[in-house]
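Quick notes on the structure that follows.
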Amino acid sequence: MKIAVVGAGSAQFMLELADFCALDGIGAYEVALVDTHPGRLAAVERFGRVVARDTNVPAEVRAHGDRVAALDGADVVVTSIGVGMQTSIRPDFEIPARYGLRQTVADTVGIGAIIRILRTAPALAEIAADMVAHCPGALLLNVTNPMAMCGMALDRMVPEVRTIGLCHSTWVTAATIADLLDIPIGELEFAGAGVNHQVFISRLEHRGVDVYPRLRELAAGDTPFARTVRADLLRRFGYFVTESSKHNAEYVPWYLPWDEQVERYDLPINPYWERRANNAEWFAGALEVADERRPFRRDLLPSGEYAPQIARSLVDGESRPLYANVPNRTADGGRLVAELPEWAVVEVPATCDGSGVHPLVAEAVPPQCAAVNRRYLDVCDLAVRAVVEGDRSHVHHAALLDPNASATMPPERIAAMVDELLDAHQAAGRLPAALCR
């Protein structure tokens, strides 16, 4: 088994990287690390070796300055990349803020995500093309955001590579619900499907009993949970959605444009510097482990993330459940999510085993929830078309359809904001040539 990690220096990937370096019970294997930042690459190599040593796992952790060398012969390739690192995200917050647009995370759908996919998709496509040449047949496990857009871009640009997008938001949501209802997580049965960070949980049962009435009662009460965006969406659409309230606030038009909504739901506005500080703190913690200034906390593993579980299943053959972001197609020409378009990348239940990842046809998505998903997907489709087709006008079209932006400002200001964003990234050398002016 050879696992290649591209973007291994990502601060947010440190715990998952530790998981990859501590896969006990599968025999000897290699973890090949690559990153564009030499200093971070050297640090994560030390980090991975400390984790492997301290967990008594025969993993050979090796840094590579050359991506092709890291990919050569890999069975699994994990992508956790940020083109331009945190510096590239700053204008995605600060320029829209000058136009009065509020954002909370800017990594899934919306203006920040639209701009981010323009610099991310070409980099992912280059990695996938290298995979075709140097590790054909390897699984590409992508944890890079914007997840749905990345998957759609790779499906259109390098369809030969099997790409699985992985995110923890659905199982974290299940754990949140279990905690709210005081149910052991292992006893909660649930189903859901949709798009990344916007999966609607359509079924909730405990020992064969529908527990949705209990969750809806909590959302209607006077509790901290009731004073969240997700509880409000549950009240209005009837079903609970994945990801945090701060994420969901920017996917729809009803919260961020309005002062009273921001105050009511205590939403963080344009938190670029907070995010940058958090990333610095996470990486500093990993650096302390790498330099053996503090021990690695073995109790943090397993992380629960899906990618290490998939790697383990490829070796031991055991079937494990997960949620996967994949093209909305079945082998027989059907759709995994009947209510959403076939060109989309959707998040659905799946299993993994020794032969790979197997998406499952989802249970029905309630029509009102599917309608919310479709607006999200329309923005994704146009943003991906912009980069795949080299059509700058589609960046404008995607921005005009963004629910948050269109509820905040008129078309003329959206157009001016988009042009200023594109010009800023062009000046920094991060914009594809076809989208420059």
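The values are calculated or read from the model by the stated rules, or taken from the named source; none is laboratory data. Fair warning: this is a prediction, and the values are worked out from it, not measured in the lab. When we count neighbours, we look across all protein chains shown, and the Cβ atoms used for this are built from the backbone with ideal geometry, even at glycine. Ligands, DNA and RNA are stripped out before the accessible areas are found, and what is left, the full protein with its side chains, is counted by its heavy atoms. Shrake-Rupley method; radii C 1.70, N 1.55, O 1.52, S 1.80 Å.
Key figures for this structure:
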read-out: 3J(HN,Hα) from dihedral phi, region 58-66, Karplus parametrisation 6.51/-1.76/1.60, rounded to Hz, x for glycine, proline; value: x, 9, 8, 9, 9, 8, 10, x, 10
read-out: 5 angstrom amide H check on residue 61, placed H, neighbours 5+ away; value: 31
read-out: Amide proton proximity set for residue 329, modelled H, under 5 Å, gap of 5+; value: 336
read-out: Per-residue SASA entry for residue 26, accessible area with 1.4 Å probe, Å² rounded to 10; value: 20
read-out: Accessible solvent surface per residue of the chain, calculated while the other protein chains remain in place, 1.4 angstrom probe, Å²; value: 40
read-out: Angstrom value of the Kirkwood radius, inverse mean 1/r, which spans all Cα pairs in region 324-400; value: 13.7
read-out: Modelled FRET efficiency - R0 41 Å, residue 276 with residue 175, Cβ distances, 0.05 increments; value: 0.90
read-out: FRET efficiency estimate (nearest 0.05) - Cβ-Cβ, residue 428 to residue 299, R0 60 angstrom; value: 0.90
read-out: J(HN,Hα) series, region 71-88, from Karplus relation 6.51 cos²θ - 1.76 cosθ + 1.60, nearest Hz, glycine and proline x; value: 7, 4, x, 5, 8, 9, 10, 10, 10, 9, 10, x, 5, x, 6, 5, 4, 6
read-out: Approximate spin-label separation residue 292-residue 358, in nm, with each point projected 7 Å along Cα-to-Cβ; value: 4.5
read-out: Percent carbon-and-sulfur accessible area, the chain, ignoring ligands, DNA and RNA, probe 1.4 Å; value: 52
read-out: Alpha-carbon spread of region 74-122, three principal axes, descending order, Å; value: 46, 19, 17
read-out: Under 5 Å, built H, 5+ apart or other chain: amide partners of residue 243; value: 173
read-out: Paramagnetic label zone (point 7 Å from Cα along Cα-to-C-beta, residue 94; backbone N under 12 Å) in region 271-288; value: 272-273
read-out: Helix-only [θ]222 nm of the chain, DSSP H runs n ≥ 4, -39500 (n - 2.57) each, per residue, nearest 500; value: -14500 deg cm²/dmol
read-out: Given charges at beta-carbon only (K, R positive; D, E negative), |dipole| of region 37-158 in Debye; value: 440
read-out: Rg ratio (alpha-carbon, reference 2.2 N^0.38 Å) - region 1-132; value: 1.20
read-out: Selection from 348, 262, 33, by position along the positive dipole direction of the chain (Cβ); value: 262
read-out: Region 1-49, relative contact order in percent, only Cα pairs under 8 angstrom and at least six apart counted; value: 53
read-out: Backbone HN-Hα couplings from phi across region 124-141 [Karplus 6.51/-1.76/1.60, Hz, Gly and Pro as x]; value: 5, 5, 5, 4, 5, 5, 5, 5, 4, 7, 10, 8, x, x, 5, 7, 9, 9
read-out: Order of exposure, largest accessible area first, which applies to 244, 319 with probe 1.4 Å; value: 319, 244
read-out: Dipole moment magnitude, nearest 20 debye, the chain about Cα centre, only Lys, Arg, Asp, Glu C-beta charged; value: 520
